[in-house]
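The values are calculated or read from the model by the stated rules, or taken from the named source; none is laboratory data. Everything quoted here is computed from the prediction, not taken from an experiment. Here Cβ is always computed from backbone atoms with ideal geometry, including for glycine, and neighbour counts include all displayed protein chains. Note: areas computed on protein heavy atoms with side chains; ligands, DNA, RNA excluded. Shrake-Rupley method; radii C 1.70, N 1.55, O 1.52, S 1.80 Å.
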Amino acid sequence: MGEDMNYLLEPLLEMEEYNGVLKQLNTSKPLNESSELIVAGPSDSQKAHLIYGICTHLNRKALFITFNEMQARRFYEDFTFFLDEKAILFPAKETVYYDVEAKSNDAIYKRIVAIDKIIQGDYSIIITSIDAISNKLVSKQLFTNHILEFSVGSVINTQQLIENFTVMGYERADMVEGKGQFAVRGGIIDIFTVDKDEPIRIELFGDEIDSIRTFDAFSQRSITRLEQVRILPAKEVICPTSARSGILAKIKKDLNNYINKIKGKKDAEFIKQVRTSIAYDIERFESSFYFPGIDRYTSYILNKANNLSDYINDENIVFLDESVRLSQRIENIILENNELCKTLLEKGRILPENADILFDYEDIFSALDDKQKVYLETILHKQKDKKEVEIFNILSKQNPSYYGFSELLVNDLKTLKNSKSKVVIMAGTRSRGEKLRDNLIIDGVEAEYCHSHNASLIPGKVIITKGSLNKGFQ
(Lines give C-alpha, C1' and ligand atoms only; values in the text may rest on other atoms or scores of the structure.)
Protein backbone atom coordinates (compact mmCIF):
# COMPACT_ATOMS: atom_id res chain seq x y z
CA MET A 1 0.00 0.00 0.00
CA GLY A 2 1.94 3.00 -1.31
CA GLU A 3 5.37 1.78 -0.18
CA ASP A 4 7.14 4.10 -2.61
CA MET A 5 5.33 7.06 -0.99
CA ASN A 6 6.77 6.46 2.48
CA TYR A 7 8.97 9.54 2.23
CA LEU A 8 5.80 11.64 2.27
CA LEU A 9 4.67 9.93 5.48
CA GLU A 10 7.87 10.36 7.49
CA PRO A 11 7.00 13.92 8.61
CA LEU A 12 3.65 12.69 9.97
CA LEU A 13 5.36 10.28 12.36
CA GLU A 14 7.28 13.23 13.81
CA MET A 15 3.99 14.77 15.00
CA GLU A 16 2.75 13.93 18.50
CA GLU A 17 -0.90 14.52 17.55
CA TYR A 18 -0.69 12.19 14.54
CA ASN A 19 0.79 9.42 16.68
CA GLY A 20 -2.07 10.01 19.11
CA VAL A 21 -4.56 9.35 16.30
CA LEU A 22 -2.79 6.10 15.41
CA LYS A 23 -2.80 4.98 19.03
CA GLN A 24 -6.49 5.76 19.42
CA LEU A 25 -7.40 3.82 16.28
CA ASN A 26 -5.09 0.91 16.94
CA THR A 27 -7.62 -1.01 18.97
CA SER A 28 -9.67 -4.08 18.22
CA LYS A 29 -12.85 -2.41 19.49
CA PRO A 30 -14.74 0.21 17.45
CA LEU A 31 -15.39 3.57 19.05
CA ASN A 32 -18.80 3.60 20.67
CA GLU A 33 -21.54 6.08 19.86
CA SER A 34 -20.66 8.44 22.71
CA SER A 35 -16.95 8.62 21.89
CA GLU A 36 -15.89 10.32 18.66
CA LEU A 37 -12.45 10.83 17.21
CA ILE A 38 -12.00 14.25 15.61
CA VAL A 39 -9.02 15.52 13.66
CA ALA A 40 -9.19 19.30 13.50
CA GLY A 41 -7.30 21.59 11.17
CA PRO A 42 -6.34 19.74 7.96
CA SER A 43 -7.08 21.33 4.57
CA ASP A 44 -8.46 19.41 1.59
CA SER A 45 -5.45 17.63 0.06
CA GLN A 46 -3.89 17.31 3.50
CA LYS A 47 -6.91 15.20 4.47
CA ALA A 48 -6.04 12.75 1.70
CA HIS A 49 -2.42 12.74 2.87
CA LEU A 50 -3.47 12.03 6.47
CA ILE A 51 -5.86 9.25 5.55
CA TYR A 52 -3.26 7.64 3.31
CA GLY A 53 -0.81 7.78 6.22
CA ILE A 54 -3.26 6.38 8.77
CA CYS A 55 -4.30 3.48 6.53
CA THR A 56 -0.69 2.71 5.64
CA HIS A 57 0.62 2.78 9.19
CA LEU A 58 -2.31 0.73 10.56
CA ASN A 59 -2.61 -1.50 7.48
CA ARG A 60 -6.35 -0.82 7.30
CA LYS A 61 -8.85 -0.11 4.54
CA ALA A 62 -11.08 2.96 4.64
CA LEU A 63 -14.36 4.52 3.57
CA PHE A 64 -14.22 8.28 3.01
CA ILE A 65 -17.49 10.25 2.85
CA THR A 66 -17.52 13.88 1.77
CA PHE A 67 -20.32 16.41 1.43
CA ASN A 68 -20.94 16.60 -2.34
CA GLU A 69 -20.11 14.85 -5.57
CA MET A 70 -17.62 17.46 -6.80
CA GLN A 71 -15.59 17.11 -3.61
CA ALA A 72 -15.67 13.33 -3.94
CA ARG A 73 -14.19 13.52 -7.43
CA ARG A 74 -11.46 15.92 -6.30
CA PHE A 75 -10.53 13.69 -3.39
CA TYR A 76 -10.58 10.69 -5.72
CA GLU A 77 -7.92 12.41 -7.84
CA ASP A 78 -5.77 13.02 -4.76
CA PHE A 79 -6.19 9.48 -3.44
CA THR A 80 -5.34 8.12 -6.89
CA PHE A 81 -2.00 9.92 -6.64
CA PHE A 82 -1.25 8.08 -3.40
CA LEU A 83 -2.91 4.72 -4.11
CA ASP A 84 -3.36 4.43 -7.86
CA GLU A 85 -6.06 1.86 -8.81
CA LYS A 86 -6.56 0.88 -5.16
CA ALA A 87 -8.62 4.05 -4.73
CA ILE A 88 -12.27 3.45 -5.74
CA LEU A 89 -14.82 6.14 -6.49
CA PHE A 90 -18.40 5.21 -5.63
CA PRO A 91 -20.29 7.93 -7.54
CA ALA A 92 -23.73 9.38 -7.02
CA LYS A 93 -26.57 8.47 -9.34
CA GLU A 94 -29.60 10.38 -10.46
CA THR A 95 -32.82 9.07 -8.95
CA VAL A 96 -35.37 8.99 -11.76
CA TYR A 97 -39.09 9.12 -11.04
CA TYR A 98 -40.06 9.82 -14.64
CA ASP A 99 -40.10 7.48 -17.64
CA VAL A 100 -36.92 8.76 -19.28
CA GLU A 101 -35.84 6.43 -22.07
CA ALA A 102 -32.65 8.29 -23.00
CA LYS A 103 -31.16 8.45 -19.49
CA SER A 104 -27.48 7.44 -19.43
CA ASN A 105 -26.64 4.42 -17.31
CA ASP A 106 -22.93 5.28 -17.00
CA ALA A 107 -23.18 6.29 -13.33
CA ILE A 108 -25.09 3.10 -12.51
CA TYR A 109 -22.51 0.96 -14.26
CA LYS A 110 -19.64 2.70 -12.43
CA ARG A 111 -21.41 2.09 -9.12
CA ILE A 112 -21.88 -1.59 -9.98
CA VAL A 113 -18.19 -1.99 -10.88
CA ALA A 114 -17.26 -0.25 -7.62
CA ILE A 115 -19.57 -2.52 -5.61
CA ASP A 116 -17.94 -5.58 -7.20
CA LYS A 117 -14.45 -4.37 -6.24
CA ILE A 118 -15.67 -3.67 -2.72
CA ILE A 119 -17.13 -7.17 -2.42
CA GLN A 120 -13.84 -8.67 -3.60
CA GLY A 121 -11.85 -6.45 -1.21
CA ASP A 122 -9.90 -5.08 -4.17
CA TYR A 123 -9.36 -1.59 -2.77
CA SER A 124 -7.53 0.42 -0.15
CA ILE A 125 -10.02 3.27 0.12
CA ILE A 126 -13.56 3.95 -1.11
CA ILE A 127 -14.27 7.60 -1.87
CA THR A 128 -17.90 8.66 -1.98
CA SER A 129 -20.31 11.50 -1.26
CA ILE A 130 -23.28 11.71 1.06
CA ASP A 131 -25.35 11.96 -2.14
CA ALA A 132 -24.08 8.60 -3.35
CA ILE A 133 -24.72 6.66 -0.16
CA SER A 134 -28.22 8.08 0.35
CA ASN A 135 -29.51 5.54 -2.18
CA LYS A 136 -30.72 2.21 -0.81
CA LEU A 137 -29.00 -0.98 -1.98
CA VAL A 138 -29.83 -4.66 -2.17
CA SER A 139 -28.04 -6.93 0.27
CA LYS A 140 -24.42 -7.85 -0.36
CA GLN A 141 -25.45 -11.51 -0.56
CA LEU A 142 -28.15 -10.87 -3.18
CA PHE A 143 -25.74 -8.86 -5.32
CA THR A 144 -23.07 -11.55 -5.02
CA ASN A 145 -25.57 -14.27 -5.95
CA HIS A 146 -26.22 -12.51 -9.26
CA ILE A 147 -22.60 -12.43 -10.42
CA LEU A 148 -22.06 -15.17 -12.99
CA GLU A 149 -18.73 -16.83 -13.76
CA PHE A 150 -18.05 -19.13 -16.70
CA SER A 151 -14.98 -20.76 -18.14
CA VAL A 152 -14.21 -22.70 -21.30
CA GLY A 153 -15.59 -26.21 -20.82
CA SER A 154 -18.43 -25.16 -18.49
CA VAL A 155 -21.83 -26.74 -19.14
CA ILE A 156 -24.72 -24.26 -19.25
CA ASN A 157 -28.47 -24.25 -19.81
CA THR A 158 -29.20 -21.58 -22.43
CA GLN A 159 -32.77 -20.93 -21.35
CA GLN A 160 -31.74 -20.61 -17.72
CA LEU A 161 -28.93 -18.27 -18.76
CA ILE A 162 -31.38 -16.05 -20.66
CA GLU A 163 -33.56 -15.83 -17.57
CA ASN A 164 -30.53 -15.05 -15.40
CA PHE A 165 -29.41 -12.25 -17.73
CA THR A 166 -32.93 -10.78 -17.65
CA VAL A 167 -33.10 -10.85 -13.85
CA MET A 168 -29.65 -9.22 -13.74
CA GLY A 169 -31.07 -6.33 -15.76
CA TYR A 170 -29.67 -7.07 -19.20
CA GLU A 171 -31.87 -6.23 -22.19
CA ARG A 172 -32.22 -8.77 -24.98
CA ALA A 173 -31.48 -7.43 -28.47
CA ASP A 174 -30.98 -8.80 -31.97
CA MET A 175 -27.38 -7.58 -31.87
CA VAL A 176 -25.47 -6.06 -28.97
CA GLU A 177 -24.52 -2.44 -29.52
CA GLY A 178 -24.01 -1.10 -26.01
CA LYS A 179 -23.46 -2.06 -22.40
CA GLY A 180 -26.32 -3.83 -20.69
CA GLN A 181 -27.44 -5.81 -23.77
CA PHE A 182 -27.27 -9.47 -24.72
CA ALA A 183 -28.20 -11.51 -27.81
CA VAL A 184 -28.68 -15.23 -28.42
CA ARG A 185 -28.38 -16.78 -31.88
CA GLY A 186 -28.24 -20.55 -31.98
CA GLY A 187 -25.10 -21.63 -30.17
CA ILE A 188 -23.73 -18.08 -29.90
CA ILE A 189 -24.37 -15.87 -26.86
CA ASP A 190 -23.21 -12.25 -26.99
CA ILE A 191 -23.26 -10.03 -23.92
CA PHE A 192 -21.93 -6.52 -23.32
CA THR A 193 -21.05 -6.54 -19.63
CA VAL A 194 -21.06 -3.28 -17.68
CA ASP A 195 -17.37 -3.48 -16.73
CA LYS A 196 -15.87 -4.11 -20.17
CA ASP A 197 -15.12 -1.89 -23.17
CA GLU A 198 -15.92 -4.65 -25.66
CA PRO A 199 -18.75 -7.20 -25.74
CA ILE A 200 -18.09 -10.87 -25.06
CA ARG A 201 -19.03 -13.79 -27.30
CA ILE A 202 -19.63 -17.23 -25.81
CA GLU A 203 -19.73 -20.03 -28.38
CA LEU A 204 -21.31 -23.35 -27.44
CA PHE A 205 -20.75 -26.88 -28.62
CA GLY A 206 -23.99 -28.50 -27.54
CA ASP A 207 -24.43 -27.25 -24.00
CA GLU A 208 -20.69 -26.84 -23.34
CA ILE A 209 -18.76 -23.58 -23.72
CA ASP A 210 -16.33 -24.07 -26.60
CA SER A 211 -14.78 -20.58 -26.61
CA ILE A 212 -15.00 -17.16 -24.96
CA ARG A 213 -13.69 -14.04 -26.66
CA THR A 214 -14.13 -10.31 -26.82
CA PHE A 215 -15.14 -8.82 -30.16
CA ASP A 216 -15.72 -5.52 -31.90
CA ALA A 217 -19.44 -4.66 -31.81
CA PHE A 218 -19.24 -2.84 -35.16
CA SER A 219 -17.12 -5.20 -37.27
CA GLN A 220 -17.94 -8.38 -35.29
CA ARG A 221 -14.25 -9.33 -35.46
CA SER A 222 -12.68 -11.20 -32.56
CA ILE A 223 -10.22 -9.32 -30.37
CA THR A 224 -9.02 -11.47 -27.46
CA ARG A 225 -9.59 -15.07 -26.47
CA LEU A 226 -10.47 -15.61 -22.80
CA GLU A 227 -10.39 -18.68 -20.60
CA GLN A 228 -13.11 -17.37 -18.30
CA VAL A 229 -15.54 -14.50 -17.90
CA ARG A 230 -17.20 -12.78 -14.94
CA ILE A 231 -20.55 -11.14 -15.61
CA LEU A 232 -21.81 -8.47 -13.23
CA PRO A 233 -25.45 -7.40 -12.87
CA ALA A 234 -26.58 -4.54 -15.13
CA LYS A 235 -28.92 -3.18 -12.48
CA GLU A 236 -28.04 -1.93 -9.03
CA VAL A 237 -31.40 -2.89 -7.55
CA ILE A 238 -31.95 -6.54 -8.47
CA CYS A 239 -35.25 -8.35 -8.14
CA PRO A 240 -35.30 -12.17 -8.31
CA THR A 241 -38.22 -13.73 -10.20
CA SER A 242 -39.45 -15.40 -7.00
CA ALA A 243 -40.00 -12.02 -5.33
CA ARG A 244 -42.01 -10.36 -8.08
CA SER A 245 -45.48 -11.66 -7.23
CA GLY A 246 -45.09 -10.36 -3.68
CA ILE A 247 -43.99 -6.94 -4.94
CA LEU A 248 -46.97 -6.65 -7.26
CA ALA A 249 -49.34 -7.73 -4.47
CA LYS A 250 -47.92 -5.02 -2.19
CA ILE A 251 -48.32 -2.32 -4.87
CA LYS A 252 -51.92 -3.36 -5.56
CA LYS A 253 -52.72 -3.41 -1.85
CA ASP A 254 -51.22 0.06 -1.31
CA LEU A 255 -53.09 1.36 -4.36
CA ASN A 256 -56.43 0.16 -2.97
CA ASN A 257 -55.65 1.55 0.48
CA TYR A 258 -54.68 4.91 -1.00
CA ILE A 259 -57.83 5.08 -3.15
CA ASN A 260 -59.99 4.32 -0.11
CA LYS A 261 -58.19 7.01 1.87
CA ILE A 262 -58.69 9.80 -0.69
CA LYS A 263 -62.28 8.95 -1.63
CA GLY A 264 -64.45 11.93 -0.78
CA LYS A 265 -61.35 14.15 -0.63
CA LYS A 266 -60.39 13.95 -4.32
CA ASP A 267 -62.64 14.05 -7.39
CA ALA A 268 -63.31 11.06 -9.66
CA GLU A 269 -60.93 12.34 -12.35
CA PHE A 270 -57.98 12.40 -9.94
CA ILE A 271 -58.76 8.89 -8.66
CA LYS A 272 -58.95 7.67 -12.25
CA GLN A 273 -55.53 9.24 -12.94
CA VAL A 274 -54.01 7.42 -9.96
CA ARG A 275 -55.49 4.07 -11.03
CA THR A 276 -54.33 4.55 -14.62
CA SER A 277 -50.76 5.55 -13.64
CA ILE A 278 -50.20 2.68 -11.22
CA ALA A 279 -52.01 0.13 -13.44
CA TYR A 280 -49.66 1.08 -16.28
CA ASP A 281 -46.64 0.44 -14.05
CA ILE A 282 -48.08 -2.88 -12.86
CA GLU A 283 -48.54 -3.94 -16.48
CA ARG A 284 -44.89 -3.17 -17.20
CA PHE A 285 -43.78 -5.04 -14.08
CA GLU A 286 -45.67 -8.10 -15.33
CA SER A 287 -44.34 -7.93 -18.89
CA SER A 288 -40.68 -6.98 -18.49
CA PHE A 289 -40.25 -5.91 -14.88
CA TYR A 290 -37.40 -3.40 -15.40
CA PHE A 291 -38.54 -0.18 -17.04
CA PRO A 292 -37.59 3.53 -17.09
CA GLY A 293 -38.64 5.22 -13.87
CA ILE A 294 -38.52 2.01 -11.85
CA ASP A 295 -36.45 3.88 -9.24
CA ARG A 296 -39.70 5.10 -7.72
CA TYR A 297 -40.51 1.51 -6.70
CA THR A 298 -37.22 0.90 -4.89
CA SER A 299 -38.93 0.65 -1.50
CA TYR A 300 -41.18 -2.13 -2.87
CA ILE A 301 -38.36 -4.08 -4.53
CA LEU A 302 -35.99 -4.08 -1.55
CA ASN A 303 -36.96 -6.58 1.10
CA LYS A 304 -34.48 -4.89 3.44
CA ALA A 305 -32.65 -1.72 2.46
CA ASN A 306 -28.87 -1.87 2.78
CA ASN A 307 -26.30 0.90 3.12
CA LEU A 308 -22.89 0.93 1.44
CA SER A 309 -21.41 0.40 4.91
CA ASP A 310 -23.09 -3.03 4.93
CA TYR A 311 -20.72 -4.04 2.12
CA ILE A 312 -17.54 -3.37 4.11
CA ASN A 313 -16.24 -5.17 7.18
CA ASP A 314 -15.73 -3.70 10.63
CA GLU A 315 -11.98 -3.32 10.07
CA ASN A 316 -12.60 -0.41 7.69
CA ILE A 317 -12.07 3.04 9.19
CA VAL A 318 -14.78 5.51 8.19
CA PHE A 319 -13.60 9.08 7.60
CA LEU A 320 -16.30 11.77 7.60
CA ASP A 321 -15.46 15.05 5.91
CA GLU A 322 -16.93 18.21 7.53
CA SER A 323 -19.83 16.89 9.63
CA VAL A 324 -21.92 20.08 9.49
CA ARG A 325 -21.83 20.17 5.69
CA LEU A 326 -22.63 16.44 5.55
CA SER A 327 -25.72 17.03 7.68
CA GLN A 328 -26.83 20.06 5.66
CA ARG A 329 -26.38 18.25 2.36
CA ILE A 330 -28.41 15.16 3.27
CA GLU A 331 -31.18 17.40 4.64
CA ASN A 332 -31.29 19.21 1.29
CA ILE A 333 -31.35 15.92 -0.63
CA ILE A 334 -34.28 14.64 1.42
CA LEU A 335 -36.10 17.98 1.10
CA GLU A 336 -35.68 18.02 -2.70
CA ASN A 337 -36.90 14.42 -2.96
CA ASN A 338 -39.93 15.13 -0.77
CA GLU A 339 -40.85 18.22 -2.77
CA LEU A 340 -40.65 16.30 -6.05
CA CYS A 341 -42.73 13.44 -4.67
CA LYS A 342 -45.29 15.88 -3.31
CA THR A 343 -45.71 17.33 -6.80
CA LEU A 344 -46.05 13.88 -8.39
CA LEU A 345 -48.49 12.80 -5.69
CA GLU A 346 -50.65 15.86 -6.37
CA LYS A 347 -50.68 14.92 -10.06
CA GLY A 348 -51.77 11.35 -9.29
CA ARG A 349 -48.57 9.84 -10.72
CA ILE A 350 -47.25 7.93 -7.69
CA LEU A 351 -48.28 6.36 -4.38
CA PRO A 352 -47.17 7.82 -1.02
CA GLU A 353 -44.81 4.88 -0.44
CA ASN A 354 -42.92 5.72 -3.64
CA ALA A 355 -41.21 8.61 -1.84
CA ASP A 356 -39.38 6.29 0.56
CA ILE A 357 -36.33 5.57 -1.58
CA LEU A 358 -33.52 7.42 0.25
CA PHE A 359 -31.72 7.08 3.56
CA ASP A 360 -31.83 10.12 5.81
CA TYR A 361 -29.00 11.36 8.06
CA GLU A 362 -29.98 9.17 11.00
CA ASP A 363 -30.23 6.05 8.80
CA ILE A 364 -26.81 6.61 7.26
CA PHE A 365 -24.96 7.25 10.48
CA SER A 366 -26.69 4.62 12.58
CA ALA A 367 -25.41 2.11 9.99
CA LEU A 368 -21.89 3.25 10.88
CA ASP A 369 -22.25 2.57 14.62
CA ASP A 370 -20.13 -0.57 14.49
CA LYS A 371 -17.31 1.12 12.57
CA GLN A 372 -14.42 3.23 13.81
CA LYS A 373 -15.13 6.81 12.73
CA VAL A 374 -12.84 9.78 12.27
CA TYR A 375 -14.36 13.21 11.70
CA LEU A 376 -12.18 15.58 9.68
CA GLU A 377 -12.97 19.21 10.45
CA THR A 378 -11.09 22.10 8.87
CA ILE A 379 -12.69 24.36 11.47
CA LEU A 380 -13.79 22.72 14.71
CA HIS A 381 -17.47 23.32 15.43
CA LYS A 382 -19.12 23.07 18.82
CA GLN A 383 -19.81 19.42 19.53
CA LYS A 384 -23.36 18.68 20.65
CA ASP A 385 -24.66 15.67 22.57
CA LYS A 386 -21.29 13.97 22.79
CA LYS A 387 -20.27 12.83 26.24
CA GLU A 388 -16.70 12.09 25.28
CA VAL A 389 -14.77 13.65 22.41
CA GLU A 390 -11.22 12.79 21.42
CA ILE A 391 -9.84 15.80 19.52
CA PHE A 392 -6.47 15.87 17.79
CA ASN A 393 -5.22 19.10 16.23
CA ILE A 394 -3.27 18.59 13.04
CA LEU A 395 -3.20 22.05 11.56
CA SER A 396 -2.21 22.73 7.99
CA LYS A 397 -1.97 25.80 5.82
CA GLN A 398 -3.15 25.65 2.23
CA ASN A 399 -0.59 26.89 -0.26
CA PRO A 400 -1.61 29.49 -2.85
CA SER A 401 -1.75 28.59 -6.53
CA TYR A 402 1.54 29.49 -8.15
CA TYR A 403 0.36 29.05 -11.71
CA GLY A 404 1.77 32.02 -13.66
CA PHE A 405 3.39 33.50 -10.53
CA SER A 406 6.93 32.14 -10.62
CA GLU A 407 8.32 35.07 -8.62
CA LEU A 408 5.94 34.28 -5.73
CA LEU A 409 6.98 30.61 -5.85
CA VAL A 410 10.68 31.49 -5.79
CA ASN A 411 10.24 33.84 -2.84
CA ASP A 412 8.22 31.28 -0.86
CA LEU A 413 10.74 28.52 -1.57
CA LYS A 414 13.62 30.70 -0.37
CA THR A 415 11.71 31.40 2.85
CA LEU A 416 10.99 27.71 3.35
CA LYS A 417 14.61 26.75 2.69
CA ASN A 418 15.86 29.34 5.16
CA SER A 419 13.47 27.99 7.81
CA LYS A 420 14.82 24.49 7.16
CA SER A 421 11.45 23.19 5.97
CA LYS A 422 11.19 19.94 4.04
CA VAL A 423 9.78 20.80 0.61
CA VAL A 424 8.20 18.59 -2.06
CA ILE A 425 6.86 20.02 -5.31
CA MET A 426 4.46 17.94 -7.42
CA ALA A 427 5.12 19.00 -11.00
CA GLY A 428 2.82 16.65 -12.92
CA THR A 429 5.02 15.15 -15.61
CA ARG A 430 8.75 14.50 -15.67
CA SER A 431 9.41 17.08 -18.39
CA ARG A 432 7.61 19.79 -16.45
CA GLY A 433 9.46 18.83 -13.29
CA GLU A 434 12.87 18.96 -14.94
CA LYS A 435 12.04 22.28 -16.57
CA LEU A 436 10.90 23.70 -13.23
CA ARG A 437 14.12 22.50 -11.59
CA ASP A 438 16.23 24.25 -14.22
CA ASN A 439 14.25 27.48 -13.88
CA LEU A 440 14.51 27.43 -10.08
CA ILE A 441 18.28 26.93 -10.23
CA ILE A 442 18.53 29.93 -12.57
CA ASP A 443 16.52 31.94 -10.01
CA GLY A 444 18.85 30.96 -7.20
CA VAL A 445 16.86 28.11 -5.63
CA GLU A 446 18.73 24.82 -5.47
CA ALA A 447 16.35 21.96 -6.28
CA GLU A 448 16.56 18.31 -7.23
CA TYR A 449 14.23 16.33 -9.51
CA CYS A 450 13.46 12.74 -8.46
CA HIS A 451 11.57 10.63 -10.99
CA SER A 452 10.69 7.92 -8.47
CA HIS A 453 9.01 8.55 -5.13
CA ASN A 454 11.91 7.34 -3.01
CA ALA A 455 13.65 10.57 -2.10
CA SER A 456 14.72 11.42 1.43
CA LEU A 457 13.28 14.63 2.79
CA ILE A 458 16.02 16.82 4.24
CA PRO A 459 15.42 20.12 6.05
CA GLY A 460 16.10 23.02 3.70
CA LYS A 461 16.05 20.83 0.58
CA VAL A 462 13.60 21.20 -2.33
CA ILE A 463 12.53 17.97 -4.03
CA ILE A 464 10.58 18.05 -7.31
CA THR A 465 8.77 14.90 -8.42
CA LYS A 466 6.03 13.63 -10.70
CA GLY A 467 2.34 13.54 -9.88
CA SER A 468 -0.11 16.14 -8.66
CA LEU A 469 -2.57 17.04 -5.93
CA ASN A 470 -5.52 19.39 -6.22
CA LYS A 471 -4.11 21.76 -3.61
CA GLY A 472 -0.75 22.20 -1.94
CA PHE A 473 -0.37 22.45 1.81
CA GLN A 474 2.13 23.06 4.60
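Could you work out the local net charge near residue 71, counting Lys and Arg as +1, Asp and Glu as -1, over the other residues with Cβ closer than 14 Å to its Cβ? Before the final figure, lay out the partial values.
Numbers: positive: 47, 73, 74, 325, 329, 471; negative: 44, 69, 77, 78, 131, 321, 322.
Taking every Cβ under 14 Å from that of residue 71, the sum is -1.
Spatially, the range 404-474 and the range 311-330 are offset by 34 Å when compared through their Cα centroids. Per the Cα gyration tensor, the chain maps to an equivalent ellipsoid with semi-axes of 47, 31, 20 Å, ordered largest to smallest.
How do the peptides 41-53, 420-432 rank, highest first, by the average count of neighbouring beta carbon atoms within 10 Å per residue?
41-53, 420-432
What's the center-to-center distance, using Cα atoms, between the range 81-144 and the range 221-292 in Å? Result: 22 Å between the Cα centres. Each of the peptides 86-97, 408-419 was scored by the mean count of other Cβ atoms within 10 Å over its residues; in descending order, highest first, they stand as 86-97, 408-419. For the chain, the fraction of 1.4 Å probe accessible surface lying on carbon and sulfur atoms is 47 percent. Taking the charge dipole of the chain about its Cα centre, with +1 at Lys and Arg Cβ atoms and -1 at Asp and Glu Cβ atoms, the residue from 464, 206, 338 reaching farthest to the positive side is 338. Taking the C-alpha atoms only, the angle from helix 323-346 to the longest principal axis of the chain is near 20 degrees. Under the convention that each Lys and Arg Cβ holds +1 and each Asp and Glu Cβ holds -1, the size of the dipole of the range 167-254 around its Cα centre is about 500 debye.
For the range 333-474, the Stokes-Einstein estimate of translational diffusion at 4 °C and a viscosity of 1.567 mPa s comes to 64 µm²/s, using the Kirkwood hydrodynamic radius over alpha-carbon pairs. Specify whether the C-alpha gyration tensor of the range 154-279 places it in the rounded, prolate or oblate class, a ≥ b ≥ c being the square roots of the eigenvalues: rounded for a/c under 1.5, otherwise prolate if a/b is larger than b/c and oblate if not. Judged from the Cα gyration tensor, the range 154-279 comes out prolate (a/c at least 1.5, a/b above b/c). Rg and Dmax, both from the Cα atoms of the range 324-386 and both in Å, are 15.8, 46. Would you work out if the range 260-314 is rounded, prolate or oblate? Take a ≥ b ≥ c from the square roots of the eigenvalues of the alpha-carbon gyration tensor; rounded if a/c is under 1.5, else prolate when a/b is larger than b/c, oblate otherwise. Cα axes put the range 260-314 in the oblate bin. This model, with +1 at the C-beta of Lys and Arg and -1 at the C-beta of Asp and Glu, gives the chain a dipole about its Cα centre of some 720 debye. Positive-end ranking of 176, 164, 189 along the dipole of the range 127-194, with charges on Cβ about the Cα centre, is headed by 164.
Only the Cβ atoms of Lys and Arg (+1) and of Asp and Glu (-1) were treated as charged; on that basis the dipole of the range 100-236 about its Cα centre amounts to roughly 340 debye. Helix 406-418 and the longest principal axis of the Cα set of the chain meet at an angle near 60°.
Add +1 for every Lys or Arg and -1 for every Asp or Glu among the other residues with Cβ under 9 Å from the Cβ of residue 309, and state the total.
Details: positive: 371; negative: 310, 370.
Surrounding charge for residue 309 is -1.
Using the alpha-carbon atoms, what tilt in degrees (0 to 90, nearest 10) does helix 69-83 show relative to the longest principal axis of the chain? Tilt of helix 69-83: around 60 degrees.
Electrostatic tally near residue 203: other residues with Cβ closer than 9 Å to its Cβ, Lys and Arg +1, Asp and Glu -1, net +1.
Could you order the peptides 269-282, 320-333 from most to least packed, using the average number of other C-beta atoms within 10 Å per residue? Walk me through the numbers on the way to the answer.
Details: 269-282: 15.0, 320-333: 18.0.
So the order, starting with the most tightly packed, is 320-333, 269-282.
Positive end of the dipole of the range 388-450 (Cβ unit charges, origin at the Cα centre): among 449, 421, 393, the Cα lying farthest that way belongs to 449.
By the gyration tensor of its Cα atoms, with a ≥ b ≥ c the square roots of the eigenvalues, what is the shape of the range 342-422: rounded for a/c under 1.5, prolate for a/b over b/c, or oblate? It is oblate, given that a/c is not under 1.5 and a/b is not larger than b/c.
A straight Cα-to-Cα reach below 20 Å connects residue 414 with the aspartates and glutamates 434, 438, 443, 446, 448, residues fewer than 8 places away in its own chain not being considered.
Roll a 1.4 Å probe over the protein chains and send me the accessible area per residue for the range 287-429 in Å².
Working: 7720 Å² over 143 residues.
On a per-residue basis, 54 Å².
Around the amide H of residue 392, modelled in the peptide plane, lie the amide H atoms of 38, 39, 40, all under 5 Å away and 5 or more residues distant in sequence or on another chain.
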